[in-house]
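Trainee: Would you mind keeping the following structure in view while I ask a few things?
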Amino acid sequence: MSSLDSIKPFYSLLPQVVNPEKRQGFRDKLKWTGIILILYFILSEVSLFGLSPTAVDQFAQLRSVMAGSFGSILTLGIGPIVTASIVMQLLVGGKILNLDLSSQEDKAAFQGTQKLLAIIFTLFEGAVLVVTGSLPPISSEYTLVLILQMVLGGILIIYLDEVVSKWGFGSGIGLFIAAGVAQQILVGSFNFLSAAGTSEPAGKIPAFIYSLITGQPNFGLLIPVIATVVVFLVVVYAECMRVEIPLSYGGVKGARSKYPLKFVYASNMPVILVSALFLNVQLFAGLFQKVGFPILGEVSQGQAISGIAYYLTTPTSVSVLFTDPLKVLIYAIVFIGLSIVFALLWVEISGIGPKQVSRQLSNMGVQVPGFRSSKVQFERIMKKYIPTITVLGGAFVGLLAFVADLTGALGGGTGVLLTVGVVYRLYEEIAKEQLMDVHPMMRRFLGDE
């Protein structure tokens, strides 16, 4: 009996995105991915009706990671989805929910509960932002209207993500993050329009050219651009790093292959989860202050100014190293530490832990040269590698995101890190899909019939 049997009746009340009846080809997946991306950009331009012009973007530093558009119905972005994922990971990882995610029934229960939680968090986060004054209405009459608009936008994001996951390439979460960050990088780099109140262009590159023309060269304007390029190159290099375990096929003499274990084994998901956790700390700090118990710190004009919330606010300038080094140190330790924890949880829950990989290899009928072909032997070998590279990979992406944020990279250092990872994996999936379209027999070999 599943731990979630009592809430299964609620699953039937939630609309479902049906699975495709047959395997989607490359063009079909590309079409659905493009349609959802266009819808995302359209929705990000739909402004919240009744929002006061005094509204402050409390989560500006995490905006790129949350794939939200401030002031639109997509203000919440993927925040509720990721928050629901954090809760479910902690419940399953802590054995509070006894689920076997290798079982289709338990996996369906996990996904259904996560969707239900995401909708609940959409309502909760929208209400908190309005009630605490981060998104004040122009009058009290518009309070409920504002909340309902954000709830609608949040639910649309949940289902757009599901459509991409089932009918398109990759996941909606990754697609929306990459789209938002790419837009910020392009605008931040090449915007020739003048910044408010000045004659200087808003984009970094045009602003630098303008400084040369006026005889006051400002090379500091290029630091965010250079930081963005460096983060891009480092992440691409890290994505190519891997440990390759040699394999042989017992039934075919001389047949050899390798099983690759990527250095960034848990992908960039740990950074998304940590960022969402910090966003919720900021959210609850404002809520507790509103009810008179600022236990997480004080918030002023949408920004944390003391307490835990302050120390978990993303530092986005190298100058913070000199003005408040303790804050930078605490943030770095917590961010990197939680990245490792979430990497370990994500590997187990997503089915790529030592036990699951060992079962997969054993069923394929392969063996590591010099070792017997058995699930126990595979698991012993995988336990030597997977936990180690998971910890190292989690620490690496956490450290890289932290340093990139400090440099003020365009689109946010964490956003650039996530975008490069998303685009790289999207490229791999598209290449695989094209290969299977050209050579249909490859589908059986790659296990995608």
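Read the figures in this text as sums done on the coordinates, not as results from a lab. Every value quoted in this text rests on a predicted model; they were computed, and no experiment measured them. Counting neighbours? That spans all protein chains shown, and the Cβs are built from the backbone with ideal geometry, glycine included.
Trainee: In Å and on Cα atoms, what radius of gyration and Dmax does region 45-98 show?
Mentor: That works out to 15.1, 48 Å for Rg and Dmax.
Trainee: Among VAL318, GLY188, LEU417, which residue has its Cα furthest toward the positive end of the charge dipole of the chain, with +1 on Lys/Arg Cβ and -1 on Asp/Glu Cβ?
Mentor: LEU417
Trainee: If you average the alpha carbon positions of region 111-129 and of region 148-179, how far apart do those two centres end up, in angstrom?
Mentor: Centre-to-centre distance over Cα atoms comes out at 14 Å.
Trainee: Cross-link candidates for LYS95: which lysines have Cα within less than 22 Å, leaving aside residues fewer than 8 places away along the same chain?
Mentor: LYS8, LYS107, LYS115, LYS355, LYS383
Trainee: Could you list the residues of region 107-127 with an amide nitrogen less than 11 Å from a label point located 7 Å from the Cα of LYS290 in the Cα-to-C-beta direction?
Mentor: 124-127
Trainee: By how many degrees, between 0 and 90 and to the nearest 10, does the Cα long axis of helix 223-240 differ from the longest principal axis of the chain?
Mentor: Long axis of 223-240 versus the principal axis of the chain: about 10 degrees.
Trainee: Between helix 269-290 and the chain, what is the angle of the helix's C-alpha long axis to the longest principal axis, kept within 0 to 90° and rounded to the nearest 10?
Mentor: Tilt relative to the chain: about 40 degrees.
Trainee: Quick one: net charge around THR316, please, counting Lys, Arg +1 and Asp, Glu -1 for every other residue with C-beta under 15 Å from its C-beta.
Mentor: Charge balance near THR316 sits at 0.
Trainee: Is the C-alpha gyration tensor of region 319-362 telling us rounded, prolate or oblate? Criteria: a/c under 1.5 is rounded; beyond that, a/b larger than b/c is prolate, otherwise oblate.
Mentor: Details: a/c = 6.71, a/b = 5.50, b/c = 1.22.
The shape class here is prolate.
Trainee: A further question follows. Consider just the alpha-carbon atoms of region 284-331 and return their Rg together with their Dmax, both in angstrom.
Mentor: So, for region 284-331, Rg and Dmax equal 11.4, 35 Å respectively.
Trainee: Also: Take ILE272, ILE155, ILE7, ILE430 and order them by how many other Cβ atoms sit within 10 Å, fewest up front.
Mentor: If I rank by nearby Cβ atoms, fewest first, I get ILE7, ILE430, ILE155, ILE272.
Trainee: Could I have the simple spin-label model distance between ASN19 and SER300, label points 7 Å from Cα toward Cβ, reported in nm to one decimal?
Mentor: 5.5
Trainee: Under the rule a/c < 1.5 gives rounded, and otherwise a/b versus b/c splits prolate from oblate, where does region 1-160 land using the Cα gyration tensor? All intermediate terms of the calculation are to be shown ahead of the outcome.
Mentor: Values: a/c = 2.23, a/b = 1.41, b/c = 1.58.
Taking the square roots of the gyration eigenvalues as a ≥ b ≥ c, region 1-160 is oblate.
Trainee: Given region 270-415 reduced to its alpha-carbon atoms as identical point scatterers, what log10 I(q)/I(0) does the Debye formula return at q = 0.16 Å⁻¹?
Mentor: -0.86
Trainee: Moving on. Enumerate the whole-percent occupancy of each 5 Å bin, from 0 to the last occupied one, for all C-alpha pair distances of region 1-88.
Mentor: In whole percents, the pair-distance histogram is 2, 10, 12, 16, 16, 15, 14, 9, 4, 1, 0.
Trainee: How would MET269, MET88 line up from fewest to most surrounding beta-carbon atoms within 10 angstrom? Mind dumping the intermediate values first?
Mentor: Working: MET269 27, MET88 20.
With the sparsest Cβ surroundings first, the list reads MET88, MET269.
Trainee: So for region 74-183, taking the charge dipole from beta-carbon charges (+1 Lys/Arg, -1 Asp/Glu), which of THR113, SER140, LEU97 sits furthest toward the positive end?
Mentor: The listed residue farthest towards the positive side: LEU97.
Trainee: Additional query: Using Cβ contacts closer than 10 Å as the measure, can you line up ILE245, ILE177 from fewest to most? All intermediate terms of the calculation are to be shown ahead of the outcome.
Mentor: Values: ILE245 18, ILE177 26.
Final ranking by Cβ density, sparse to dense: ILE245, ILE177.
Trainee: If the limit is 27 Å between Cα atoms, which of LYS262/LYS327; LYS22/LYS384; LYS22/LYS262; LYS31/LYS262; LYS258/LYS432 go over it?
Mentor: Values: LYS262/LYS327 32 Å; LYS22/LYS384 39 Å; LYS22/LYS262 31 Å; LYS31/LYS262 30 Å; LYS258/LYS432 17 Å.
Cα-Cα > 27 Å for LYS262/LYS327; LYS22/LYS384; LYS22/LYS262; LYS31/LYS262; rest within.
Trainee: Right, here's the next one. Given 4 °C and 1.567 mPa s, compute D for region 163-246 with the Stokes-Einstein relation, Rh being the Kirkwood radius over Cα pairs; round to the nearest whole µm²/s. The partial results should precede the final answer.
Mentor: Working: Rh = 15.7 Å.
D = 83 µm²/s.
Trainee: What does the convex hull of the alpha-carbon atoms of the chain project to on average, in nm²? Could the numbers behind the result be given before it?
Mentor: Numbers: hull surface 101.8 nm².
Directional mean of the projected Cα hull area for the chain stands at 25.5 nm².
Trainee: Could I ask something else about it? Apply 1/(1 + (r/R0)^6) to the Cβ-Cβ distance of ALA108 and GLU428, taking R0 = 22 Å, and write down the FRET efficiency to the nearest 0.05. Don't skip to the end; give the middle numbers.
Mentor: On the way: r = 27 Å, r/R0 = 1.22.
Between ALA108 and GLU428 the formula returns 0.25.
Trainee: Continuing with this model, one more query. Applying 1/(1 + (r/R0)^6) with R0 = 51 Å to the Cβ-Cβ distance of VAL163 and LEU326, what FRET efficiency is obtained, to the nearest 0.05? Please list the in-between numbers first.
Mentor: Values: r = 45 Å, r/R0 = 0.88.
Once the sixth-power term is evaluated, E becomes 0.70.
Trainee: Now for a separate question. Calculate the radius of gyration of the Cα atoms of region 86-226 to one decimal place, then report Dmax, the largest Cα-Cα distance, as a whole number, both in Å.
Mentor: According to the Cα coordinates of region 86-226, Rg and Dmax are 22.4, 68 Å.
Trainee: Evaluate E = 1/(1 + (r/R0)^6) for ASP28 and VAL236, where r is the Cβ-Cβ distance and R0 equals 41 Å; express this FRET efficiency to the nearest 0.05. Walk me through the intermediate numbers first.
Mentor: Details: r = 29 Å, r/R0 = 0.70.
Using R0 = 41 Å, I get an efficiency of 0.90.
Trainee: Size of the dipole of the chain about the Cα centre, Lys and Arg at +1 and Asp and Glu at -1 on the beta carbon, nothing else charged, in debye to 20?
Mentor: The dipole magnitude comes to about 1640 debye.
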